[in-house]
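Below is one structure, written out as structure tokens; the observations come after it.
Please treat every number below as a calculation from the coordinates, not as lab data. As the structure is a computational prediction, the values presented were derived from the model and not from experiment. All Cβ positions, even for glycine, are placed from backbone atoms using ideal geometry, and neighbour counts span all protein chains on display.
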Amino acid sequence: MTTHHRSASEWQRRGAFYQIYPRSFADADGDGIGDIAGIRARLDHIASLGVDGIWINPWYASPMRDGGYDVTDHRAIHPDLGTIDDARALFDDANQLGLRVLVDLVPNHTSDEHPWFVSALQAGPGSPEGTRYHFRRGRGSSGELPPSNWQSAFGGPAWTAVGDGEWYLHLFDASQPDLNWADPTLEQEFASIVRFWIELGASGFRVDAVQGLSKDSSYPDWTESGPAHTVEGTDVHPYRDRTANHEIVRSWRRTLGEHADGDVALIGEVVVRPWERLADYLADDEFHQVFNFDFLECPWDPGQLRSRIAAALDAATSRGALPTWVWSNHDIVRAATRFGLPMDVDPAQWLLDGDRALLDPQRGLLRARAAALLAMALPGSYFLYQGEELGLPEVHDLPLHCLLDPIFERSGRASKGRDGCRVPLPWTRCGRSFGFGPGGAWLPQPSGWGRHSVEAQHGDPSSTLELFRRSLALRSELLDHDDFEWIEFPGAIAFERREVVSITNFSPGTIELPAGDLLVASEPCTDGTLPPDVTAWLRTS
Ligand code: GLC
């Protein structure tokens with residue numbers, strides 16, 4: 001059991017975090033839906049990994065049109081998952097084990113069933129309630145056309161009509177109306193929400209969809225062929241990376257500053273490129289860290305990986321921060337499947353109608369294990385998504401009628417969406433839901449899911465679970481500093497972190513390991529050689 005406690009600034013910069021998708025982690029009451037009691041009952045598993053904290057995807061009251069990113073009450077837990085008392089108890093239990101808990105803050109939109117939106121619809125255009133959202137008269141003689149050509153990130157138009165020629169904006173699903181951050185009441189509302197969770201015991205926030213918070217209030221048409229992003233100092237894009245976003249982020253950081261000696265983390269999901277623009281969100285009075293999508297989406301290619309690692313390190317350290325390293329989350333095809341597909345295949349597209357023979361699951365797992373060690377060895381924080389420590393693959397054959405992700409319908413069924421990485425975890429080899437809970441599972445688990453289970457892997461030194469435990473323990477013991485130096489090594493990505501060398505073999509043949517004692521490797525290394533698609537850590541002194 002882990003007992004290490006990093007200091008305030010260290011845990012935000014260099015911690016390892018376990019991401020929980022609460023509906024799919026563990027189900028205590030047997031209704032087939034994971035819950036807070038399930039998380040509390042399985043905290044020992046997370047602690048056994050030696051991580052510093054947990055990030056929990058939205059667990060708030062919600063009609064669940066977008067996996068809980070459609071919130072109706074930011075201060076209430078969804079009844080399927082538990083109560084506020086359960087949340088408080090989870091914070092306490094986790095803290096006892098040395099684990100900090102980050103909650104998800106969703107400021108870009110609410111559910112269309114949120115009382116704010118319901119009253120905005122009732123009060124009508126021009127009312128104070130209405131200015132909390134983006135209502136706009138449509139084009140055409142009677143407003144029958146959308147106010148602009150903006151597209152939802154999930155497919156289809158970003159505007160939905162409410163009658164009488166009025167429309168509202170939603171950059172995601174139609175059930176997720178965008179909030180209008182030009183309305184000053186929002187800043188106070190969210191400050192109060194942030195205080196609420198800190199007082200209950202949260203140690204920080206992962207903040208959702210920050211890139212789109214501020215909008216051009218004239219809502220001009222936009223085609224992505226223009227300059228892709230806002231140019232320094234000028235707001236070119238009408239709803240991405242606008243200068244006003246920074247003022248909003250600063251307002252949350254000010255609220256954090258009122259509490260616990262600044263020991264509360266603020267981590268942004270800010271989908272902005274290039275890094276020079278993203279790094280602005282790491283200013284001293286903004287986020288402690290931002291997610292690194294260039295890395296997350298990088299194919300298994302040493303040239304691209306190396307340049308993306310270098311760019312992230314340069315940009316983040318220029319602001320006194322460190323990057324985050326993430327290979328999987330609740331929005332992307334799991335790494336063990338992505339890395340098993342040829343590089344020219346788009347994993348999300350393959351899920352829908354790709355040739356299943358293109359998938360090499362053994363190679364995918366081999367590379368996912370090597371990739372995990374590579375990411376863990378880099379300076380910064382490391383996030384792993386539940387099941388990654390089991391080497392779980394994407395469930396690519398979910399029947400279409402089971403799909404719940406709004407992307408499936410909004411894309412005109414051209415994308416299968418993200419349900420395949422959200423299938424409930426297997427804890428035991430057998431049983432109705434492989435130990436997920438005493439009942440079934442809200443998304444079907446494939447037959448044979450139990451062979452990936454914690455029970456099947458615990459104590460087996462060759463398992464992915466034991467590899468994660470070993471390497472995360474070494475990470476917190478030996479890599480808790482910022483030093484980093486590239487090592488030139490043909491066919492490999494190699495670097496030195498004080499006395500530890502990490503080396504990943506991207507070439508088709510074995511390569512000779514550098515001098516040093518082998519600390520851990522993602523596969524056995526014999527006779528001083530490193531097989532293809534394997535990472536090893538060595539101690540050089
Ligand atoms: C973020 C979340 C994703 C969600 C979207 C809208 O990208 O990670 O799951 O669908 O925001 O809230």
### Message
Below 8 Å, C-alpha to C-alpha, sequence gap of six or more: please give me the relative contact order for the chain in percent.
### Response
14 percent
### Query
So what is the relative contact order of segment 418-541, in percent, for Cα pairs below 8 Å that sit 6 or more residues apart?
15 percent
### Size of segment 132-278 as Cα extents on the principal axes (Å, biggest first)
56, 35, 24
### Query
If you put +1 on each Lys and Arg Cβ and -1 on each Asp and Glu Cβ, how big is the dipole of segment 309-458 around its Cα centre, in Debye rounded to 20?
260 debye
### Message
Test of understanding: express the Cα radius of gyration of segment 146-215 as a ratio to 2.2 N^0.38 Å, with N the residue count.
### Response
1.36
### Message
List the residues, sorted by chain then number, that are 5 or more residues from I77 or on another chain and whose placed amide H is less than 5 Å from its amide H.
### Response
A61, I84
### Task
Express as a percent, rounded to the nearest 5, the fraction of DSSP beta bridges in the chain (both residues included) that run antiparallel.
60 percent
### Query
In square nanometres, what is the average projected area of the Cα convex hull of the chain?
24.2 nm²
#### Entry: In degrees, nearest ten, helix 84-96 long axis to first principal axis of the chain (Cα)
30 degrees
### Message
If the only charges are +1 at each Lys and Arg Cβ and -1 at each Asp and Glu Cβ, what is the size of the charge dipole of the chain around the Cα centre, to the nearest 20 debye?
### Response
500 debye
### Farthest positive-ward along segment 381-520 dipole, Cα basis, beta-carbon charges - from A473, S447, T428
S447
## Note on the structure
Residues meeting the amide H criterion for T529 (H placed from the backbone, H to H distance under 5 Å, 5 or more places apart or on another chain) are L513
### Distance from segment 478-528 to segment 47-116 (C-alpha centre basis), Å
38 Å
### Task
Excluding L97 itself, calculate the net charge of residues whose Cβ lies under 11 Å from the Cβ of L97, where each Lys or Arg counts +1 and each Asp or Glu counts -1.
-2
## Note on the structure
Computed over all unlike Cα pairs, the Kirkwood hydrodynamic radius of segment 342-497 in Å stands at 17.8 Å
## Note on the structure
Ranking A87, L358, A316 by how far each Cα lies towards the positive end of the charge dipole of the chain (+1 on Lys and Arg Cβ, -1 on Asp and Glu Cβ), the top one is L358
### Summary
So, relative contact order of segment 116-177 in percent, Cα under 8 Å, 6 or more apart, is 26 percent
### Query
Once phi is turned into θ = phi - 60°, what whole-Hz ³J(HN,Hα) does the Karplus curve with 6.51, -1.76 and 1.60 give for every residue of segment 297-308, x standing for Gly and Pro?
9, 6, x, 6, 9, x, x, 5, 5, 4, 5, 6
### Query
Under a Cβ-Cβ cut-off of 13 Å, what is the net charge of the residues other than L400 that fall near it, where Lys and Arg count +1 and Asp and Glu count -1?
-3
### Message
To the nearest 20 Debye, how big is the dipole of segment 160-207 about its Cα centre, given +1 on the beta carbon of each Lys and Arg and -1 on that of each Asp and Glu?
### Response
300 debye
### Query
Residue by residue, what Karplus-based ³J(HN,Hα) values in Hz, rounded to whole numbers, does segment 374-380 have, using 6.51, -1.76 and 1.60 with θ = phi - 60° and x for Gly and Pro?
4, 5, 5, 7, 7, x, x
### Query
Mean residue ellipticity at 222 nm from the helices of the chain, using -39,500 (n - 2.57) per DSSP H segment of n ≥ 4 over the full residue count, to the nearest 500 deg cm²/dmol?
-8000 deg cm²/dmol
#### Entry: Residue-count net charge about L171 - beta-carbon cut-off 10 Å; Lys, Arg +1, Asp, Glu -1
0
